[in-house]
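Trainee: Sending over a structure as structure tokens; questions will come in a sec.
Values quoted throughout were computed directly from the atomic coordinates according to the rules given, and no laboratory measurement underlies them. Everything quoted here is computed from the prediction, not taken from an experiment. So basically every Cβ, Gly included, is an ideal-geometry build from the backbone, and we count neighbours across all protein chains shown.
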Amino acid sequence: MKPLNLLPVLVVLSSTPVVASTFDDHLHLYHTLQRVGVNVSINAPDCHKRQGVDGYYQSHTRHLVICQDKMNRSHQEVDWTNNDYDTLRHESWHVAQDCNGNGIGNGYLKPVMDLKYSYAVLGRQQAQSLMSNPVYRSQPQVHHVEMEAFAVASRESARSIADKLLQCYSL
Ligand SMILES: [Zn+2]
């Protein structure tokens, strides 16, 4: 899940270079998610109810949802923004974390990398602003998982995230 108040902070404070990913790279990631058994919904009906949420991943149902910035009607895909792509990379990384936590679909998301990676990518200021969110502050494990997903989405390419999913899936 990506609460509304986090993303603008991330964008404003981000000073890390974003690895270039093409449309094809993201399409490949989209297909890879399905290949590893995750259903992807673009602009699911409940996007309307979750105002300000860019997307989410539910482990138990193996369901990943992207709520596009320019969403108008349910299930109708519109032009992708950079933020939509960022959300796809972010939520896809939660699938990698799910896989890392004893397999996709068991409800346990385990960080893949050391927390130092997230701090190095996000920087102290951004890491602290994420930490200040009450939800994350009260749940250290969720905080680590979210930090990592934000960091990976900003640093890694869609293709490298897809590679990671395939690697985990084939283990
Ligand atoms: Zn998240």
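Trainee: Please figure out what share of the DSSP beta bridges in the chain is antiparallel and state it in percent, rounded to the nearest 5.
Mentor: Working: 4 of 8 bridges.
Counting DSSP beta bridges with both partners in the chain, the antiparallel share is about 50 percent.
Trainee: Taking 4 °C and 1.567 mPa s as the conditions, I'd like the Stokes-Einstein D for the chain in µm²/s, using the Kirkwood hydrodynamic radius from alpha carbon pairs.
Mentor: Values: Rh = 15.9 Å.
Answer, rounded: 81 µm²/s.
Trainee: Please tell me the relative contact order of segment 6-169 in percent, rounded to the nearest whole number, where contacts are Cα pairs under 8 Å and at least six residues apart. Walk me through the numbers on the way to the answer.
Mentor: Values: 239 pairs, mean separation 47.4, N = 164.
Reported as a whole number, the value is 29 percent.
Trainee: Another one. Step through the residues of segment 140-149 one at a time and calculate ³J(HN,Hα) from phi using the Karplus curve (6.51 cos²θ - 1.76 cosθ + 1.60, θ = phi - 60°), rounding each to whole Hz and writing x for Gly and Pro.
Mentor: x, 5, 5, 4, 4, 4, 5, 3, 5, 5
Trainee: Go through segment 60-66 residue by residue and turn each phi into a ³J(HN,Hα) via Karplus (6.51, -1.76, 1.60, θ = phi - 60°); whole Hz please, and just put x for glycine and proline.
Mentor: 4, 9, 6, 10, 10, 10, 10
Trainee: May I pose another question? Whole-Hz ³J(HN,Hα) for each residue in segment 164-169, computed from phi via Karplus 6.51 cos²θ - 1.76 cosθ + 1.60 with θ = phi - 60°, x for glycine and proline: what do you get?
Mentor: Whole-Hz 3J(HN,Hα) from phi for segment 164-169: 5, 5, 5, 4, 5, 4.
Trainee: For GLY55, which sequence-distant residues (separation of 5 or more, or a different chain) have an amide H within less than 5 Å of its own amide H, given hydrogens modelled in the peptide plane?
Mentor: Under 5 Å from the amide H of GLY55 lie the amide H atoms of LYS2, CYS67, each far enough along the sequence or on another chain.
Trainee: Amide H of SER41 versus every other amide H placed in the peptide plane: which residues, excluding those fewer than 5 positions away on the same chain, fall under 5 Å?
Mentor: So SER41 has HN proximity to LEU64, VAL65, ILE66.
Trainee: Would you mind putting 67-80, 106-119 in packing order, based on average other-beta-carbon counts within 10 Å, highest first? Before the final figure, lay out each step's value.
Mentor: Working: 67-80: 13.6, 106-119: 15.6.
So the order, starting with the most tightly packed, is 106-119, 67-80.
Trainee: Based only on other Cβ atoms within 10 Å, what is the fewest-to-most ordering of CYS168, CYS47, CYS99?
Mentor: Values: CYS168 18, CYS47 21, CYS99 25.
The most exposed by this proxy come first: CYS168, CYS47, CYS99.
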